[in-house]
Structures are given as C-alpha cells and as structure tokens.
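Data block below; observations after.
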Amino acid sequence: MTIEEKVGQLVQVTGWHRDSLSGPTVSPQQEELIKRGLLGGIFNIWGAEATHEAQKIAVEKSRLRIPLIFGLDVIHGFRTTFPIPLAEASSWDTAMVERDARIAAREASSAGVDWTFAPMVDIARDPRWGRIAEGSGEDPLLGSLMAAARVRGFQGNDPSQSNSIAACAKHFAAYGGAEGGRDYNTVDMSERTLREVYLLPYRAAVDAGALTVMSSFNEIGGVPSTGNRALMTGILRGEWGFRGFVVSDWTAVTELILHGVASDTPHAAALAFNAGTDADMESGAYLQFLPRLVRDGKVSMAALDEGVRRVLRVKYALGLFDDPYRHCTPEREKSNILTPANIAASREAGRRSIVLLKNSGGLLPLRKDIRSLAVIGPLADDGANLLGPWDALGRPADVVTLLEAIHSAVSPATKILYAKGCSIEGTDRGGFAAAVESARNADAVIIALGESREMSGEASSRSTLAIPGLQNELLESVASAGKPVILVLMNGRPLAIPWAEEHAGAIVESWFLGIRSGNAIADVLFGEYNPSGKLPVTFPRTVGQVPYYYNHKNSGRPANDAEKYTSRYIDLPSSPLYPFGFGLSYTTFDYSGLALSPGVIDTSGTVTVSVSVKNTGTRPGEEVVQFYVRQDFGSVTRPVKELKGFERIALAPGESRQVKFLLRGSDLRMYDAAMRHVVEPGTYTVFVGTNSRDVTELHFSVQ
Ligand code: BGC
C-alpha cells in the first residue's frame with residue numbers, strides 16, 4: 001500500500017441523506033476518492049442498491065480492491081423502531097435488549113449497513129443532558145450489562161455472519177459527565193470516579209467483543225479524549241486489550257484546535273492519531289495531512305501500519321473480504337425489514353420498558369368496557385415524536401399512536417372524547433376549554449404529556465426538567481374537572497413532575513417506545529400487561545437537585561431534613577421524587593427472610609445472599625429484585641449503595657420464590673487511597689429490595 005492508500009483506510013465520510021430506504025448514492029467527489037483508494041468507509045448511506053453501487057467502485061475500480069465499510073447510527077432499531085435505550089434500560093431485561101439489537105442488526109445488515117455507531121454506553125447523572133435518552137442511565141452495573149447485551153445483539157455469535165454488524169462503543173470516555181449537562185461541555189472528574197463509574201460500561205462493551213470504539217468530543221481534566229493517549233492507548237488497548245479500531249466522533253479531530261490543544265489541522269491530526277484515534281470521522285484532517293506527517297516523521301510508519309491493520313482486521317472480521325456485497329443483497333432487504341415478528345418484538349419491548357410511577361387506589365388498569373374516556377394532550381395522537389431521537393429509518397407512518405391504540409383496545413360501546421388541549425410548546429390556551437369539557441363528560445381521563453423527540457438526543461440539553469410549554473397548566477385545568485386522571489409521560493429524560501405526583505391519580509412513564517408505542521401503553525392501561533419496568537435513573541423533584549444519583553457519597557453531614565446543618569437544600573425535601581430502581585406493579589410483592597452466609601469471608605471468598613419474594617396480590621406479575629452493597633468504611637469514602645445484582649422473576653398470585661445472589665470478593669474491588677484496585681477488609685452492608693430506597697439490610701465482613 002502507498003502511504004496515501006494506508007491513510008485512505010482511516011478516512012470516514014458521511015453520505016448524509018435521510019429520506020429513502022433505497023438510500024443515497026455517493027457524490028462524484030467521493031466516487032473519485034474511492035477509486036483512488038482514499039476512503040475507508042462511508043456512513044449515513046444505506047440501501048442494498050446504493051451500497052452495492054458504492055462497494056462496486058471500491059472493489060472493481062480501486063487499485064487494491066479493498067471493500068468499504070458502511071456505517072449508520074442504528075441506535076434503537078433500523079426501520080422497526082424499538083424503545084429508546086433509556087426506556088429499554090428500564091426493562092432491566094438484558095435478554096430482550098440483546099434480541100432487539102439482533103433484530104436491528106438483521107434489518108440494517110439487509111440494507112447495506114456493516115457497522116452501527118452504537119451502543120452508546122455513557123453514564124448519565126444529569127438529566128439536563130439530552131443524550132441521556134441514548135444510554136442506559138446512571139448505574140455502572142446496569143449500564144455495563146446493557147452495553148454487553150447490545151454488543152452481542154449487533155455482532156451476533158460471529159460478526160462475519162451476513163446478519164451481523166460491527167458495534168461501536170461510544171463515546172469514549174465520560175461524555176455523559178459534561179458540566180451542567182450541556183452537550184459537548186467540559187468534563188472534570190477524579191480518576192477514581194472515572195474508573196469506578198464511568199469507564200465500566202465501555203470496558204463491558206470491549207469485553208463483549210465490540211469491534212470498534214468512538215472517541216468522545218469532551219475533554220477530561222484538560223485532555224480532550226480524541227487526543228488522549230493515556231485513554232485511547234493506555235487504558236483501552238494496554239489495560240483492556242482492545243484490538244479493534246477507534247473512530248473519532250464527528251470532526252472531533254479538528255475540534256482539538258478549538259479545545260486549544262492543537263495549533264492547526266496538521267497538529268490536530270498528529271495529536272489524534274498518535275493518541276490512538278485510528279480513523280477520522282468527517283474532519284478530513286487525516287486525508288489531507290497524515291501522509292505528510294508520516295513523511296516528516298511526526299507520525300511513524302509503524303503506527304500508521306498498526307492503525308491500518310486495525311481497520312482491515314475489522315473488515316476481515318465482518319467477512320467483507322470474502323464477500324464485499326454480503327450486506328447488500330436486495331432479496332434480504334425485501335424480506336427482513338419491518339416484518340410482523342419484528343413489529344411484535346417492538347411492542348413487547350415497549351410494554352416491558354414502561355414504568356408505573358403512581359397508581360392511587362388501584363386506578364389502573366382501566367376496564368376495557370369503561371363507558372367513556374377522555375384522551376387529551378399534545379402527544380395523545382402523535383406518532384412522529386414517539387420514534388424518539390436517532391430513529392435511523394423509522395417512519396412516523398409506521399407508528400401506532402396512543403389514541404389509535406386506545407380505540408382498538410376498548411369495547412365498541414366505550415365513548416372516546418379526544419382533545420389535544422395544547423401543543424408541546426407554545427402559549428396558546430385555545431384548546432383548554434374543549435379539553436376540560438371532554439374530561440367533564442368522561443369517566444376517566446388519559447392525558448399524554450411530555451417532550452418532542454428533538455428535545456433529547458444530541459445537542460438537546462435543557463435547562464429545566466419541567467414538562468414543556470403549557471402542558472402542566474393543561475393538566476391542572478383538566479384535573480379540575482374532578483375525574484380520575486391518568487398521566488402518560490412521553491419523554492427522553494427524567495422530568496420533574498411534583499404537581500403531577502401530588503395530583504394525578506396514576507402516572508405511567510412511557511419514554512419513547514417506538515413504532516408500537518400506542519399499543520404498548522394501551523396494553524398497560526387496560527391490564528393486558530402488568531407493568532414491571534424500573535427506573536434506570538433517579539427522578540429529582542426539581543432541576544436544582546441535579547446531579548442527583550443514588551450511588552452518591554455520604555459526606556460528613558448526610559442530608560437530614562430535620563437538621564439545618566446537613567447537606568441539603570433548605571427549600572425542598574432531600575429525597576428524590578422517584579428513586580433509582582423504582583417502579584410499581586398491579587400486584588404487590590412481599591420480601592422476607594433476607595439471609596446471607598457466611599458472615600465472614602476473605603477477599604477471594606463468596607457470600608450467598610438470599611431472599612424470599614412473594615406475589616401477595618391477585619394478578620401474575622414480574623418483579624426486578626435488586627441487590628446493593630455498601631462498604632461501610634474504607635481507605636477512601638465509598639458510595640452509600642452500589643447495585644451489585646438483580647433478577648427479574650415472574651410470580652403467579654400467591655406464589656413465592658427464593659432469589660439468590662452470589663457476591664464474590666472480587667465484586668467488592670475498589671480503588672484505594674493509593675489507586676490500587678483491591679478489596680479492602682472491613683464490614684459491608686447488603687441491601688435487597690424492590691428499588692434502591694425500599695430495602696432491608698444485613699451485614700458481613702471481609703478479613
Ligand atoms: C454523534 C455520534 C454519531 C455521529 C455520526 C455525532 O455527532 O456524536 O454519536 O455516531 O455523529 O452520526
């Protein structure tokens with residue numbers, strides 16, 4: 001390979017075109033680059049025909065005939081849109097998440113896509129950050145399990161299968177730690193927090209075999225990730241043994257200039273490449289300057305060769321050298337996409353992702369033969385927004401809205417009174433009167449409120465967590481009609497809903513559930529499905545409490561609302577509105593007989609924790625039994641609680657089950673005062689319960 005051809009393998013450019021399944025073709029300029037062997041891959045192009053055509057240029061017209069790799073952000077489904085990742089994390093169901101990623105891979109790989117820029121595994125403790133929607137919330141264990149499940153789903157048992165695509169764990173690292181929750185912003189955190197919290201899901205994705213990793217936009221403590229050798233080379237490859245390639249995020253290479261660590265584009269290219277950022281997405285810096293940098297000795301030929309090898313290895317792993325057209329056969333594209341089975345899986349995922357936040361007096365489920373029902377709110381008959389952010393090829397026309405689903409769920413005699421009330425944003429109260437009127441004339445009210453899909457995802461941080469616009473006011477007006485009110489939330493982040501928590505009869509958190517959102521929600525509202533989701537993220541009372549997460553430190557003056565001189569705000573209770581792990585069911589579960597043994601272990605020992613869980617209600621239901629641990633004291637301060645395990649169990653009415661958790665000494669590893677990764681002797685508390693707050697506890701010690 002010439003130097004130019006080597007560099008070409010490291011260049012990724014966008015095809016950027018979003019509106020047809022057959023996809024765009026490459027531009028004439030890109031065609032030229034492909035012929036000259038100067039492009040390694042193109043993203044944002046799809047469709048069997050379009051990718052076949054572009055691939056043909058690479059394979060037949062370039063000197064070395066190296067196939068291109070085609071990328072796309074397949075975040076929660078390709079054409080069959082699944083719940084957003086934050087919603088799927090609420091299912092705590094890794095098997096389901098793996099299956100959904102598999103389906104997405106099957107669809108995408110049938111339409112020319114070789115590589116997805118997913119999973120996004122960034123821990124998010126600040127719901128102002130719009131990209132919280134794309135991840136699995138605040139917990140490193142849940143986040144790690146979800147990360148690994150998605151990697152397995154995308155890549156299958158073998159990435160060279162024609163229905164597998166390469167995964168890309170992103171955004172490495174700590175992108176979710178942006179100050180103020182503002183996208184792209186500075187991250188400054190201790191190495192301990194980085195290693196004990198933020199890095200774990202990336203590690204899990206790498207251990208699960210993720211073929212690629214994306215560098216993040218942010219800096220950490222003064223060093224932008226894309227130019228961070230300690231991170232990209234030291235940790236990722238040295239410590240974790242990652243063998244795939246790192247692609248920069250979009251123009252992150254040249255952004256090193258604005259960060260203020262590179263003087264110009266060649267400098268940025270050298271810095272990024274020498275740090276271990278193998279491929280350049282969109283900035284053009286490698287294409288333009290890397291050959292010269294190698295000739296000038298600023299980048300070594302050996303390093304260039306290694307970068308090229310990493311990219312080629314991934315192409316080999318995907319089987320592209322055996323058959324460059326493996327993902328672009330029109331027959332598969334016709335038969336594999338938006339199939340009835342995929343659509344059914346999306347509905348199933350939707351209902352398992354719903355979290356029941358409140359249900360006073362057993363208001364839900366509703367009877368299907370209820371006489372009349374008011375269906376209100378800007379999101380009640382909205383399809384497009386329910387696709388959520390980053391919906392790949394999702395189409396509004398494929399979405400079943402809540403109103404449509406309610407119509408098909410209730411008895412023919414049920415009268416449905418629909419009123420939009422107001423828009424998601426805006427100041428027009430013109431629709432309030434009709435909404436209140438329909439509430440008055442109905443036996444119960446279902447009101448669907450929340451965010452538009454543009455309010456979360458990239459570049460969509462919000463400074464408030466309130467339900468936008470006049471929606472809360474609409475809720476208050478409708479509630480004044482005196483009928484039971486069921487609030488259905490549709491949103492990409494935790495919202496602060498203190499008024500609703502106090503006044504609504506029931507609250508259903510549905511996030512954005514994808515193409516069968518309406519059906520999934522109706523299944524829950526009318527009792528076809530007993531809700532079982534649990535929050536993967538804390539719901540604060542107000543934005544002023546953030547960052548607010550369950551696995552915080554105790555401080556020397558832990559919050560006590562009865563004591564002024566403690567770590568709290570004087571103007572609101574210290575507790576969250578809903579704690580991490582929270583979610584109700586239509587049945588009740590009773591926990592008893594928490595036991596552990598042995599009470600003393602050495603650092604390589606294992607503690608068995610068991611608890612008996614009984615369904616004490618009248619409906620079958622599923623419960624996510626949660627297990628947390630605290631190191632009572634150590635050489636450094638420790639979180640008040642850390643999730644160490646969970647199990648989802650199904651119980652018939654009256655049935656009980658003993659759930660066992662094994663805690664190995666190594667599960668207790670932490671970074672001690674000298675930053676050694678060790679298990680410290682001492683006492684530990686075990687907590688088991690239905691969420692992170694409502695737990696019972698026992699103790700053991702490590703000698
Ligand atoms: C986002 C990435 C995404 C990339 C390609 C960037 O702006 O931060 O998450 O994969 O664009 O679409």
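The values are calculated or read from the model by the stated rules, or taken from the named source; none is laboratory data. None of these values were measured; they are calculated from a predicted model. Virtual Cβ from ideal backbone geometry, glycine too; neighbours counted across all protein chains shown. Please note that ligands, DNA and RNA were not included when accessible areas were found on the heavy atoms of the full protein model with its side chains. Shrake-Rupley method; radii C 1.70, N 1.55, O 1.52, S 1.80 Å.
Can you tell me the orientation of helix 340-353 relative to the chain, as the angle in degrees between its alpha-carbon axis and the longest Cα principal axis, to the nearest 10?
The helix 340-353 is inclined about 60 degrees to the chain.
Sequence-distant or interchain residues sharing an amide H contact under 5 Å with ALA279, placed H: which?
The list, which skips near neighbours in sequence, is VAL246, VAL247, SER248.
Using each residue's phi in the range 439-455, evaluate 6.51 cos²θ - 1.76 cosθ + 1.60 at θ = phi - 60° and report the 3J(HN,Hα) Karplus result to the nearest Hz, with x for Gly and Pro.
3J(HN,Hα) across the range 439-455, in whole Hz: 4, 4, 8, 10, 7, 7, 10, 10, 10, 9, 10, x, 10, 7, 5, 6, 7.
Can you give the relative contact order of the chain as a percent, counting alpha carbon pairs under 8 Å and 6+ residues apart?
Relative contact order here is 13 percent.
At a probe radius of 1.4 Å, what is the per-residue accessible area of LYS61, in Å² to the nearest 10?
The accessible area of LYS61 comes to roughly 130 Å².
Heavy atoms of the protein only, probe of 1.4 Å, neighbouring chains included. What is the accessible area of GLU404 in Å², nearest 10?
Approximately 90 Å² of GLU404 is accessible to the 1.4 Å probe.
What's the FRET efficiency of MET1 with ASP264 using the Cβ-Cβ distance as r and R₀ = 22 Å, to the nearest 0.05?
So the FRET efficiency works out to roughly 0.25.
Could I have the simple spin-label model distance between GLU476 and GLU502, label points 7 Å from Cα toward Cβ, reported in nm to one decimal?
1.0
Tell me, what is a quarter of the convex hull surface for the C-alpha atoms of the range 102-195, in nm² with one decimal?
6.5
What percentage of the solvent-accessible surface of the chain, computed with a 1.4 Å probe over protein heavy atoms, is contributed by carbon and sulfur atoms?
50
Classify the range 1-119 as rounded, prolate or oblate, taking a ≥ b ≥ c as the square roots of the eigenvalues of its Cα gyration tensor: rounded when a/c is under 1.5, otherwise prolate if a/b is larger than b/c and oblate if not.
It is prolate, given that a/c is not under 1.5 and a/b is the larger ratio.
Between GLU454 and ASP694, what length comes free when the chain is fully extended (0.36 nm per residue of separation minus the Cα-Cα distance, one decimal in nm)?
Computed gain between GLU454 and ASP694 is 82.9 nm.
Using the Karplus curve 6.51 cos²θ - 1.76 cosθ + 1.60 with θ = phi - 60°, what ³J(HN,Hα) values do you get for each residue of the range 84-92, in whole Hz, with x for Gly and Pro?
Values per residue, Gly and Pro as x: 4, x, 4, 5, 4, 5, 5, 7, 6 Hz.
For a quick check: with amide H placed at 1.01 Å from N, whose amide H comes under 5 Å from ALA448's, ignoring anything fewer than 5 positions away on the same chain?
Close amide H contacts, sequence-distant or interchain: ILE376, GLY377, LEU379, ALA380, VAL488.
Could you tell me how far the Cα centroid of the range 468-540 sits from the Cα centroid of the range 92-140, in Å?
Here the answer is 23 Å between Cα centres.
Looking at the range 291-369, what % of the alpha carbon pairs are farther apart than 19 Å?
Tail fraction, whole percent: 72.
At 1.4 Å probe size, with no ligands or nucleic acids counted, give the accessible surface of MET1 in Å², nearest ten.
About 90 Å², ignoring ligands and nucleic acids.
May I ask you to rank VAL600, VAL678, VAL625 by accessible area, largest first, using a 1.4 Å probe over the protein chains only?
VAL600, VAL678, VAL625
Give me the distance in nm between label points sitting 7 Å out from Cα along the Cα-to-Cβ direction at ARG669 and GLU32, one decimal.
Each label point lies 7 Å from its Cα, and together they span 5.3 nm.
Order the following by accessible area, largest value first: ARG440, ARG79. Probe radius 1.4 Å; ligands, DNA and RNA are ignored.
So the residues, ranked largest to smallest area, are ARG440, ARG79.
What translational diffusion coefficient, in µm²/s and rounded to a whole number, does the Stokes-Einstein relation yield for the range 554-596 at 10 °C and a viscosity of 1.306 mPa s, taking the hydrodynamic radius as the Kirkwood radius over Cα pairs?
After rounding, the answer is 116 µm²/s.
With θ set to phi - 60° and the Karplus curve 6.51 cos²θ - 1.76 cosθ + 1.60, what are the ³J(HN,Hα) couplings of the range 237-250 in order, to the nearest whole Hz, using x for Gly and Pro?
My calculation for the range 237-250 gives 9, x, 7, 9, x, 5, 10, x, 10, 9, 10, 6, 6, 3 Hz in order.
What share of the DSSP beta bridges in the chain is antiparallel, in percent to the nearest 5?
Working: 50 of 91 bridges.
Expressed as a percentage, antiparallel bridges in the chain total about 55.
Sorted by accessible area (1.4 Å probe), largest first, how do ARG106, ARG676, ARG371, ARG630 line up?
ARG371, ARG676, ARG106, ARG630
What is the Cα centroid distance between the range 55-91 and the range 384-434, reported in whole angstrom?
Their Cα centres are 31 Å away from one another.
What's the magnitude of the charge dipole for the range 443-573 around its Cα centre, counting Lys and Arg as +1 and Asp and Glu as -1 at the beta-carbon? Answer in Debye, nearest 20.
500
With a 1.4 Å probe and every protein chain left in place, work out the accessible area per residue of the chain in Å², rounded to a whole number.
35
Taking 7 Å along the Cα-to-C-beta vector as the label spot, tell me the ASP571-THR339 distance in nanometres, rounded to one decimal.
5.6
So how far, in whole Å, is the C-alpha centre of the range 594-608 from the one of the range 558-574?
36
Count the net charge of all other residues whose Cβ sits under 14 Å from the Cβ of GLY682, scoring Lys and Arg as +1 and Asp and Glu as -1.
Here the count lands on -1.
Where both partners of a DSSP beta bridge lie in the range 119-260, what percent of those bridges are antiparallel, to the nearest 5?
Expressed as a percentage, antiparallel bridges in the range 119-260 total about 20.
List the extent of the Cα atoms of the range 586-703 along each of their three principal axes, largest first, rounded to whole Å.
53, 23, 17
Do the alpha carbons of any pairs in LYS35/LYS315; LYS564/LYS644; LYS61/LYS315 sit beyond 25 Å of each other, and which pairs?
LYS564/LYS644
Please report Rg (one decimal) and Dmax (integer) in Å for the Cα set of the chain.
Considering the chain through its Cα atoms, Rg and Dmax are 25.9, 80 Å.
Can you tell me how the range 72-228 classifies by the Cα gyration tensor, rounded, prolate or oblate, using a/c under 1.5 as the rounded cut?
prolate
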